[in-house]
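Data first, discussion second: the structure below is written as structure tokens.
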Amino acid sequence: MSTVIKGSVPSTLGVDLSFSRTVDRAMIHRHNLTEVFLTDIQQIDSENFVAAALLPVIHPHYTSHAGRIDLLDPMLLLECARQAETFAAHAFFDVEMGAAFVLRNWSMELSAQALSTPFTGPTELVMTAATSAPRTVAGRVRGLTYTFELWASNEYVGRIGMEVGYVAKEPYRAMRARGRSGPVPSSADLPHPVAATPVEPTRVGRLHTTDTLPIDLAVAADKVTAALRVPADNPSLFDHAQDHVPGMVLLEAGRQLAALAAGEWGAGAADRTAMVSMDASFTAYAELDAPVTMTATRAGDSPAEIDVTFHQGGADISRVRVGLATVREAQS
């Protein structure tokens with residue numbers, strides 16, 4: 001099983017963070033209020049800031065999974081870090097509203113507490129963030145690397161890193177239109193057909209087909225392959241119209257396929273395991289008008305460390321290595 005990291009509660013942040021209300025949803029690129037978790041964010045200096053989020057007890061997507069629902073969902077932690085990064089980019093680093101955010105790399109390591117501590121009420125999440133490697137064009141920030149440390153209810157729960165690029169609106173439009181004879185499709189225009197060969201939700205750790213992303217599954221001794229169901233009708237995974245498949249959707253699909261593959265290879269059923277580490281890279285956009293396929297293979301000798309590669313148009317467009325660990329039974 002994967003190794004988890006340790007940390008200590010910060011003795012002082014030098015600021016008082018509020019958990020009483022959520023931030024302006026436009027600042028974090030969210031349309032639905034139910035998808036806004038960030039409650040406060042304050043700059044410490046030119047490179048560092050702190051942020052707060054309130055994690056919900058019940059959520060239609062992030063708590064709708066098989067197994068223990070009193071443990072933190074790693075994908076919810078990633079979304080909170082993404083919201084903090086997006087707000088900070090606009091408020092602290094002068095990235096203009098309307099700029100496109102281009103995710104290049106994303107990683108996460110969770111602590112032992114994240115797998116063992118029950119969080120049974122609304123959970124206060126504190127995030128400290130350090131930025132580095134700024135990339136500027138004509139004096140404007142066009143890329144940053146972020147490192148987050150996370151505490152939930154004063155328990156250290158892990159570290160998240162991400163590298164993000166920022167592209168102005170018109171250059172982004174030109175880049176996305178390159179090589180196309182027509183307009184770039186929008187997820188708002190996608191049909192919502194029933195998957196031809198749906199995966200049973202519990203096999204990927206979910207409860208509902210609306211949250212289940214692998215379809216057309218093929219299991220072999222050395223790999224598991226599937227096609228990606230683009231969940232344009234899921235308001236958590238597609239909060240608003242997109243011109244590509246978002247990185248969060250690819251990561252969730254990777255997590256699901258890794259959990260299924262690990263179960264097939266003896267690491268335990270998906271409802272008894274959790275993602276404790278993740279390291280992803282994105283080299284091309286996942287387009288909406290061409291099928292995306294996924295291949296899961298063992299990353300090493302352990303069946304609990306899985307590499308998932310995403311393919312489209314004959315090329316690899318993204319990779320994610322997922323580390324899984326066994327979840328303890330809840331104490332009665």
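The values are calculated or read from the model by the stated rules, or taken from the named source; none is laboratory data. This structure is a prediction, so every number in the text was calculated from the model and none was measured. Note that each Cβ is placed from the backbone with ideal geometry, even for glycine, and that neighbours are counted across all protein chains shown.
A few points about this structure:
- Qualifying residue in segment 89-98 (condition: closer than 26 Å to Thr120 by Cβ and crowded, with 20+ Cβ neighbours inside 10 Å): no
- Complete set of residues in segment 59-75 that are touching a residue at least 40 places away in the same chain (Cβ under 8 Å) and β-branched (Val, Ile, Thr): none
- Set Leu77, Leu72: member being under 17 Å from Asn154 (Cα atoms), in the same structural domain as Tyr166 (by TED's automatic domain parsing), at pLDDT 95 or above and under 15 Å from the mean Cα position of the chain (by Cα): Leu77
- A residue that is at positive phi, in contact with a Ser or Thr (Cβ under 9 Å, 6 or more places away or on another chain) and either of a type in the set (D, E, K, R) or outside the structural domain of Gln83 (by TED's automatic domain parsing) (or both) cannot be found anywhere in segment 244-266.
- Residues that are over 17 Å from Leu213 (Cα atoms), touching a residue at least 12 places away in the same chain (Cβ under 8 Å) and acidic (Asp, Glu) within segment 273-306 comprise Asp279, Glu305, listed in sequence order.
- All of (1) modelled with pLDDT of 95 or more; (2) under 16 Å from Leu190 (Cβ atoms) hold for Thr293 with one exception: (2).
- Segment 314-328, residues that are modelled with pLDDT of 90 or more and either buried (at least 17 other Cβ atoms within 10 Å of the Cβ) or charged (D, E, K, R) (or both): Asp316, Ile317, Ser318, Arg319, Val320, Arg321, Val322, Gly323, Leu324, Ala325
- For segment 161-193, a residue qualifies if it is among the small types (Gly, Ala, Ser), farther than 30 Å from Glu149 by Cα and surrounded by 15 or more Cβ atoms within 10 Å (Cβ to Cβ), and exactly one does: Ser187.
- Among the residues making up segment 75-127, those that are within 30 Å of Glu287 (Cα to Cα) and part of a loop (DSSP other than H, G, I, E, B) are Phe93, Asp94, Val95, Glu96, Met97, Gly98, Ala99.
- Residue match in segment 207-217 (condition: in the same structural domain as Arg135 (by TED's automatic domain parsing) and out of contact with any strand residue (DSSP E or B) (no Cβ under 7 Å at 6 or more places or on another chain)): no
- Looking only at residues of segment 1-33 that are of a type in the set (S, T, N, Q) and at pLDDT 70 or above, we find that the one that is nearest to the chain's Cα centre (by Cα) is Asn32.
- 2 or more residues touching a residue at least 12 places away in the same chain (Cβ under 8 Å) and over 30 Å from Ala51 (Cβ atoms): qualifying strands (runs of 3 or more DSSP E) within segment 152-257: 214-219, 224-228
- Contact annotation: residue pairs with Cβ atoms under 7 Å, 6 or more positions apart or on different chains, pairing a residue in segment 30-52 that is touching a residue at least 60 places away in the same chain (Cβ under 8 Å) and among the polar types (S, T, N, Q) with a partner that is in a strand (DSSP E or B) and surrounded by fewer than 19 Cβ atoms within 10 Å (Cβ to Cβ), are Asn48/Ala130.
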